[in-house]
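Here the structure comes first, spelled out in C-alpha cells, and everything after it is commentary.
The values are calculated or read from the model by the stated rules, or taken from the named source; none is laboratory data. Bear in mind the structure is a predicted one, so any value in this text is a computation, not a measurement. Positions of Cβ are generated from backbone atoms using ideal geometry, with glycine treated the same way; all protein chains shown enter the neighbour counts. With ligands, DNA and RNA removed, areas are computed over all heavy atoms of the protein, side chains included. Shrake-Rupley method; radii C 1.70, N 1.55, O 1.52, S 1.80 Å.
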Amino acid sequence: MFNNVRVLGGATSFAFSGETIATPTDSIETIDGKGLTLAPGIIDLGVFAVDRAACRAGGITRVGLMPDQSPILDDPGIIRRAALMGKPDLWVHPLAAATRGLQGTDLAEMAINASAGAKAVATGRRSIANAGVMRKVLAYARDCGLTVIIHAEDSGLAGDAVATEGLTATLLGLAAAPAIAEALAIARDTMLAEDTGARIHFRQVTTAAGLDLVRQAKRRGVKVTCGVTPAHWLLSDIAVSDYRTYARVSPPLRAESDRQAVLAALADGTIDVIASGHDPRGPEGKRLPFIDADEGMSGAETLLALSLGLVRDGTLTMERLFELLAANPARILGLDAGTLEPGKPADFILFAPDAPWLVDGTKMKARAGNTPFDGLPVQGKVHRVFKGGREIE
C-alpha cells in the first residue's frame, strides 16, 4: 500500500494485487510515497506514434492510437498487431479508420475491426468532406457501439493552409484559413450526430466559435465530447512569428482570443479530454521552410507537467485534471480503467507535482524532440509508473 500519499478521489491507500487495486494486506510491499501524489495512469487519446519511452516519462499507461499509420489501421489483422505493439509496458488501443485508406469515400469494416480490438473509429488527420459519407459513418458506428473521433476542420476552407488567418499569417505571407473552418465542421457533424444518435468526439476544439457549438450541442443532448492539447491553451499564433516550424501544429495555432476561450472551456467543463497529440518528427521533417515542414509536436512526456499548470493557476482541481487525463478518455474508449477505484486495473503513477525541470528537446525520451516548449521551465515530474500492478522501468 502507499503511506503518506495524497490520493485522488478521496481514497487513503491502495495496494497492488495482480491486475487490480485491492485493499492492503500485510503480504504486500509498502512503498513510501511521502511528498508524492498517487494518480491513475494517464490515457492519452489520439497519439500518432507508439513511443514507450516518452509515455513512461510522462506517466502514460495507455494510448489511443490514431489510424494514420503505415499501413493505415483499416484492416483487422493490422489492428490486432497494433494492439500488441506496446505490451506489457504500454497498452495500445487502436482507433480504426472510419473509411478505407482514410480516403473519405468508402466505409471501412467497422464491426470486423471492432472485433479485432478497435476501441473507436476515427477520421484521421483530416475531416470527411462528404456529408453523406459522414452520415453513413456515424450510423454504422452507432450500430457497432463505437465513438467516432473527428478532426474538426472544413477541408474546403482549410485547403492547403498552414496557419490561421490573421495579422501573423499576413505579415509572414503564409497560406492561411479562417478559424471558422473549425466551427463549420463542428456544426455539420453535431447536427449529423443528433440526427443519427451517434457518439462523437472532436479530438481538438481550438476556437471560441467551435467551443460554443459544442456547448450548444451538449445542451440539446447530443452525445458529443471534445478534447484539446496544451499547445492551444498555452500558445497563440504569435508563436510562429519567426517561422518557427516546431510551432506548426494541427489544427494551427489560433488568435489570443481563441486561446483564452480554450482556458474558459477547460474551466467550465466544456472540454472533456486533455491529450498530448504526440507526433514525434525528426529534423528532416521540421528543419524546412514553414510551408514544407511537417505538422505536429512531441507531447507525451510534457503532457502532465504542462497540464499541472492548470491546477496551479486555479483553472482545474487536481481531481478534475485527472478526469480529463484518464477517466474521460477511458469512458470514451469503453475501457474499464482510468480511476483508482478498487477492482480497476492497477495502472497508476507516483509523481512530484512541484518538482521543477526544464523542457529540453535534445534530452527528451521521445523518438524526436520537436516541441514548441523547448526551454520552458515546468513543474511536475513522474517518479514511478505501474501497469497492471507491475512497475515500469
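Couple of notes before you dig in:
- Within the stretch 162-177, backbone nitrogen closer than 11 Å to the virtual label 7 Å beyond the Cα of Ser241 toward Cβ: 168
- Note on Arg384 and Asp143: the extension gain reaches 82.7 nm, defined as 0.36 nm multiplied by sequence separation minus the Cα-Cα distance.
- Cα centroid of the stretch 207-247 to Cα centroid of the stretch 134-202, whole Å: 12 Å
- Computed with every protein chain present, the accessible area of Lys344 is close to 40 Å² [probe 1.4 Å].
- Contact order relative to length of the chain, as percent, for alpha carbon pairs under 8 angstrom and 6 or more apart: 19 percent
- Considering only beta bridges that DSSP places wholly inside the stretch 94-189, some 10 percent are antiparallel.
- Structural descriptor for the stretch 76-150: relative contact order 30 percent, calculated from alpha carbon pairs under 8 angstrom and at least 6 residues apart.
- Relative contact order of the stretch 230-389, defined on C-alpha pairs under 8 angstrom at six or more residues apart (%): 23 percent
- Modelled this way, with points 7 Å down the Cα-to-C-beta line, the labels at Leu157 and Ser257 are 1.4 nm from one another.
- Accessible area of Asp32 in the full protein assembly, 1.4 Å probe (Å², nearest 10): 110 Å²
- DSSP assigns beta bridges within the chain; of those with both partners inside it, close to 40 percent run antiparallel.
- Cα pair distances exceeding 37 angstrom across the chain, given as percent: 17 percent
- Exposure rank, largest accessible area first [Asp279, Asp268; 1.4 Å]: Asp268, Asp279
- The mean accessible area for residues of the chain, using a 1.4 Å probe and ignoring ligands and nucleic acids, is 39 Å² per residue.
- For Thr225, the residues 5 or more places off, or on other chains, whose built amide H falls under 5 Å of its own are Ile200, His201, Phe202.
- In this simple spin-label model, placing a label point 7 Å from the Cα along the Cα-to-Cβ direction at both Thr315 and Ala53 gives a separation of 3.0 nm.
- Cα-based convex hull, the stretch 255-393, per residue volume (Å³, whole number): 142 Å³
- Accessible surface, 1.4 Å probe, highest first, among residues Trp357, Trp91, Trp233: Trp91, Trp357, Trp233
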